[in-house]
Amino acid sequence: MKAILKSSLIIVASLTCALSRAAAVQATALEFKITQRVQPSAPIYATPTPSNPVALNFAPRNKATLVKLSQVEQLELPTSHTFQDLFAGDSMSLIAKTVGSAEGTRTPNGGYTSAYYGHVDPGNGVWNLGSFSYQHGASSPKQADRKQLTRLRQQALELRQQAQAKSINLSLLEELNGIDLANQAPLAALDRGYIHWLYAAKQQSMSISERIVWARTKAFIDPDTGYWDAPGLGNHWDTIYRDQLRRYDAIERALGEHRP
């Protein structure tokens, strides 16, 4: 009887000890608390926040956010140029070299890349030939250049007429970029596009390079709808602007190396 009582006392004591430890652990666990809350410096989202609606994001970017452009003012550009200066030399003309450089078919010094001899257009899959990525049927790159030069002469005259109507005396860089835009996207250049926005840019405080790239970019807005019309460039300010900046830089480099 004493042995049974002793065993019972031992069991009770063990249970009491176990319960005491559990209570201690529980008490310890309840003592954990946040002593300081760190506030994030900006909202954190599980998914990226949506960008502004494409068609409504038309305001010029803050100058501080613009990509730094090359120092075009340091180029020794002609104080005046004639229409003939632009097109003299056909495939070796200033137009062929600068627009071809923007197209990736010519090197800045007027040489030829492999794309000059033919490549598939990344936008529509059509076969392109020559300096201007001509895609309307030609038997050789030189014939493609002659055909597109004929078209660009007419488009360049139209750009000059639009500029004259707004009392704009186009600089060489402004005119070359307008003609390159006509080669890339005729409607953006000619249908209430480049000259319209270049005039607007001249009313603002912008450098030469800033206003050209800005006007080129804004020219892709459909004047009838107010929406972007550049599906091949993503229909978004950032992607269109980067492409126009790239083409501007290529034209500037080719102009700097051009020797008539």
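Things worth noting here:
- Kirkwood Rh, angstrom, the range 116-231 [1 / mean 1/r, Cα pairs]: 15.0
- Residues whose placed amide H lies under 5 Å from that of Asn128, excluding near-sequence neighbours: His119, Val120, Asp121
- Average projected area [Cα convex hull, the range 202-252], square nanometres: 3.9
- The spacing between the range 211-229 and the range 80-124, judged by their C-alpha centroids, is 24 Å.
- Vicinal HN-Hα couplings computed from phi for the range 250-260 (Karplus, 6.51 cos²θ - 1.76 cosθ + 1.60; Hz; Gly/Pro x): 5, 5, 4, 5, 5, 5, x, 9, 5, 10, x
- Cα gyration tensor, the range 171-230 - rounded (a/c under 1.5), prolate or oblate: oblate
- Built amide H within the under 5 Å cut-off of Tyr112, gap 5+: Thr107
- Among the listed pairs Lys142/Lys202; Lys142/Lys166; Lys97/Lys202; Lys142/Lys218, those beyond 31 Å (Cα-Cα): Lys142/Lys202; Lys142/Lys166; Lys142/Lys218
- With R₀ set to 41 Å, the beta-carbon distance separating Asp224 from Ala88 gives a calculated FRET efficiency near 0.65.
- Relative exposure of Val213, Val99, Val120, judged by other C-beta atoms within 10 Å (fewest first): Val120, Val213, Val99
Every number here is computed from the coordinates shown, using simple stated rules; none is lab data. Since the structure is predicted, the reported quantities are computational estimates derived from the model, not experimental observations. Reconstructed Cβ throughout: ideal geometry from the backbone, glycine too, with neighbour counts over all protein chains shown.
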